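The values are calculated or read from the model by the stated rules, or taken from the named source; none is laboratory data. Quick caveat, the model's predicted, so the values are computed rather than measured. For neighbour counting, all protein chains shown are included, and Cβ atoms are generated from backbone atoms with ideal geometry for every residue, glycine included. Heavy atoms of the whole protein, side chains included, go into the accessibility calculation; ligands, DNA and RNA do not. Shrake-Rupley method; radii C 1.70, N 1.55, O 1.52, S 1.80 Å.
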Amino acid sequence: MLVAVMVGFIAGIGALFAGRLDKGRGAIIFSLLPIGLFGYFLTLAPSIAAGRPLMYSYEWIPSLHIRLDFMLDGLSLLFALLITGIGALVFIYASAYMKGHHQLDRFFCYLSIFMASMLGLVLSDNVMALFVFWELTSISSFFLIGFNHEQEAARKSALISLAITGGGGFLLMAALVLMGSIGGSYSIAEMINQRELLQGHPLYWLMLLLLFAGAFTKSAQFPFHFWLPGAMKAPTPVSAYLHSATMVKAGIYLLARFTPVLGNNPAWNNTLLITGGITMLYAGVHAIFRTDLKGVLAYATIAALGVLVFLLGIGTPAALTAAAVFILVHAFYKAALFLITGIIDDAVGTREVTAIAGLHKVMMPVAIAGVLAALSCAGLPYTLGFLGKELIYESTLHGDYLPALLTAVAVATNILLLYTGIVAGVQPFAGKLPAIFNSIQLPSPLLWIPPLLLGILGLLAGIFPAVIDYWLVQPVVAAMGVAPGSPPLKIWHGVNLVLLLSGSTLLVGGILYWRMKPATSRLILLQRFERWSPYQWVKMLAAGVQNFATWFTATFQNGYLRTYILVIIIFLVTLLSFKLFSGVNIYIKQSQLQQITIYEAVVTVIMLLAILKTLFTRSRLIAVSAMGVVGYCICLLFVFYSAPDLAMTQFTIDTLTVVLFVLVLFRLPPFLKLSNTPLVIRDGLVALSFGSLLSIIALEVLNEPVSKETSSFYAANAYLLAKGRNVVNVIIVDFRGLDTLVEITVLTIAAIGVYSMLKLKISPGDNE
């Protein structure tokens, strides 16, 4: 299983070194990877269908007791097959669609890494591994959405999607850590056993809030949905892959996976019901106002994702079955419609549906694929969409929450989705072919075979529902915590209310399309309300954050070292004062204090005189020399207290500091006479507070009991374990070698940065 996940990352890196092979006809060779993985997961399907989930465990970070555990059950198998199966078709399609692109090697690199990340996400049993792969999907999708980086709109869309999904991922990490800490394990399988503990914990509501934030941002739920339409700036294969079957369904997978852990609870169900219901209606209404094919499909995708969240919120066995079927339904028809849109855009040069018609005369196989996808989207009998629609109505009618209202919402959404299916799958091919399109030829079979296969699969799955019911649907429902034994999928359930609702959906949807075909005027009307959209809210929030950041930077990062030191000292004084005086109890016994020797008194007096000279002299050279005297006095104090190694270090540092200051004196500005009395008083108070605080800390240390356990350990083991007689050096190099390595790394990075700035040459005309 680990190989199945990692091979995608290896192939992605290998794509960068494939040379000309991946920019011509040889690019199709990359499709062998998802095809092989699809075949591998198919061989594991019999075990999953028989109720025998597979577990794989690998050591990852043994010192932290973190393992890389993979679990293949019905839910992960369904997503793995979608990721690899639709991925194989997208890889084949992309080899022709992107043929000759000068950065096709990067495209297949990003696509392979994304596929591997999605596989790792849906297969992980350890939530820490799940989060790592979750973030990898966000990063790889960022590169895919912004693949056409020379376009400003593509760069902006990629940044917005990364900001929204990345922010949600950060909150998801908090949820997973919180759940693992409370449950005592980071294994999802173990968390299921800790269901009562997690749901009964006082922080249950916080777990839900954080988990929902991660899922809703990833799966484009209201009000975080706006990043998905913007992501349509990506190449069509990316839209077909990420926004139909994989990335946007990662949030759905997360909710389904944790349904047995946190679900079947009013807080869980009601939140998902409300969020999903608002999203599906809001996006469905927006979809019928769009005229760009990708825009129509983007909002239809958001509505479909809302339907899935809505069904998970209902939470009954019927609703979970409907969700499992609808995941398949949506993946089949939406991926096909996206691929068809790419073919139309490439052939015609536009995606405006109002300007396209009659294409069935020049690309009949594509038209057949579009009609099949539209029929499945509409839910016509003998398609998988028909079964999915009936299951949705069945779950709403027999749900525990306001069945009439939920059914009305579901019917309205399906009517709107039917409308979008006709617009994207039928309208471009119906009617009379404009004369300007007469020269269009049927594209390469590598372009139209993938959507045609998806359309045929949607039809066959509807004709033979028992096949997908046994191999996919029932294992998925079982993985979500529903006991086996739910009614099997059937084509015909007799004449009942569900069938009447299904027929009404077809009738009203057809009438809606007939009376309200896409028009640019309605889109202009909708744009009047754009100022109140969630996107505008986020823009206002971003502007506020930017203004605050500008003020903060101008105030605290203004380029003056004295400001930086002042802020740091004030922060330390505030923090340490609160910590000390909240429970400090200082009592110094006279016996604990040693007698002050004449040497210590003399050195202290010299140090004070040097400090006073530094403060009041007007000579830069004398000030630097006086500071050197202070440093040397500290060296003597180290010697008095039996720390010669520290004294030598201090002596070296102070000597170098004085020399460096003298060398750069000619570049320093002349001394200024400080006449701003309030500033002088402020600095004096800060310095006095900081010095007093350090004195209190020193007295507090004297109150602490002396424990020599650590020092005794180092003294006893320095030579035995590290073969060194200098205990301090052994601690730095061996016992705390990792800390030292990090410090060296930081200094190296800083040195490289300084060197780069020194070597930088900017012409007078260059922008800074």
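Listed by chain and number, the aspartates and glutamates placed with their C-alpha closer than 18 angstrom to that of Lys389 are Asp469; residues fewer than eight positions away on the same chain are left out.
For a 29 Å ceiling on Cα separation, which of these pairs sit above it: Lys249/Lys432; Lys249/Lys490; Lys249/Lys539; Lys334/Lys517; Lys233/Lys539; Lys99/Lys334? Over 29 Å Cα-Cα: Lys249/Lys432. Close amide H pairs (under 5 Å, H built 1.01 Å from N) link Asp69 with Tyr58, Asp125, Asn126, residues at least 5 positions away or on another chain. Normalised by residue count, segment 44-141 yields a Cα convex hull volume of 105 Å³ per residue. For Gln527 and Trp551, a Förster radius of 25 Å and the Cβ-Cβ distance give a FRET efficiency of 0.15, rounded to the nearest 0.05.
Taking 7 Å steps out from each Cα toward its Cβ at Ala542 and Thr604 produces label points 6.0 nm apart. Karplus-based coupling profile of segment 294-309, in residue order and whole Hz: 5, x, 4, 5, 5, 5, 5, 5, 4, 4, 5, 5, x, 4, 5, 5, with θ = phi - 60° in 6.51 cos²θ - 1.76 cosθ + 1.60 and x standing for Gly or Pro. Solvent-accessible surface of segment 510-573, averaged per residue with a 1.4 angstrom probe and all protein chains in place: 80 square angstrom. Projecting the alpha carbon convex hull of segment 504-635 along each direction and taking the average yields 21.3 nm². Between Leu656 and Tyr535, residue separation times 0.36 nm minus the direct Cα-Cα distance comes to 38.0 nm. Here the mean projected area of the convex hull built on the C-alpha positions of segment 259-346 is 5.9 nm². Proximity of backbone amide H atoms, modeled 1.01 Å from N, is registered between Gly263 and no other residue at under 5 Å, excluding neighbours fewer than 5 places apart on the same chain. Altogether, the Stokes-Einstein calculation at 25 °C and 0.890 mPa s, with the Kirkwood radius of segment 358-437 over Cα pairs as Rh, returns a diffusion coefficient of 175 µm²/s.
Each of Ser239, Ile343, Trp492 was placed along the dipole of the chain (beta-carbon charges, centred on the mean Cα), and the one lying farthest toward the positive end is Ile343. Computed over the alpha-carbon pairs of segment 690-733, the distance histogram in 10 Å steps reads 26, 29, 27, 17, 1 percent, short to long. Our summary gives the chain a relative contact order of 10 percent, counting only alpha carbon pairs under 8 angstrom and 6 or more residues apart. Computed extension length for Thr710-Phe640: 22.8 nm, one decimal, from 0.36 nm per residue of separation with the Cα-Cα distance subtracted.
Each of Ile681, Met648, Leu665 was scored by the projection of its Cα onto the charge dipole of segment 599-741, and the greatest displacement toward the positive side belongs to Leu665; charges sit on the C-beta of Lys, Arg, Asp and Glu.
Normalising the average separation of contacting C-alpha pairs (under 8 angstrom, six or more residues apart) by the number of residues puts the relative contact order of segment 249-383 at 23 percent. In segment 221-379, inverting the average of 1/r over every pair of distinct C-alpha atoms gives 16.3 Å as the Kirkwood radius.
Computing FRET efficiency as 1/(1 + (r/R0)^6) for Leu612 and Leu679, where r is the C-beta to C-beta distance and R0 is 22 Å, gives about 0.70. Our compactness index for segment 187-242, the C-alpha radius of gyration over the empirical 2.2 N^0.38 Å, is 1.64.
Mean separation of Cα pairs under 8 Å and 6 or more residues apart, divided by the residue count, gives segment 278-331 a relative contact order of 31 percent. Lysines within cross-link reach of Lys613: Cα-Cα under 21 Å, excluding same-chain residues under 8 positions apart? Excluding near neighbours in sequence, the set is Lys673.
The share of Cα pairs per 5 Å bin across segment 74-120, counted from zero up to the longest distance, runs 5, 21, 26, 23, 13, 7, 3, 1, 0 percent. Tell me whether segment 220-267 comes out rounded, prolate or oblate; compute the Cα gyration tensor, take square roots of the eigenvalues as a ≥ b ≥ c, and use a/c under 1.5 as the rounded threshold. Taking the square roots of the gyration eigenvalues as a ≥ b ≥ c, segment 220-267 is oblate.
For the chain, what mean projected area does the convex hull of the alpha carbons give, in nm²?
Average projection, Cα convex hull of the chain: 44.3 nm².
Computed from the C-beta positions of Asp734 and Tyr58, the FRET efficiency with R₀ = 35 Å rounds to 0.70. Taken one residue at a time, the phi angles of segment 680-685 give Karplus couplings (6.51, -1.76, 1.60, θ = phi - 60°) of 5, 5, 4, 5, x, 5 Hz. Gly and Pro are set to x. Computed from backbone phi, the HN-Hα couplings of segment 527-544 come to 5, 5, 9, 5, 5, 9, 6, x, 4, 5, 4, 5, 4, 5, 5, 4, 5, x Hz, rounded to whole numbers (Karplus: 6.51 cos²θ - 1.76 cosθ + 1.60, θ = phi - 60°; Gly and Pro given as x). Each principal axis of segment 403-487 carries a Cα extent, and these read 59, 35, 20 Å when sorted largest first.
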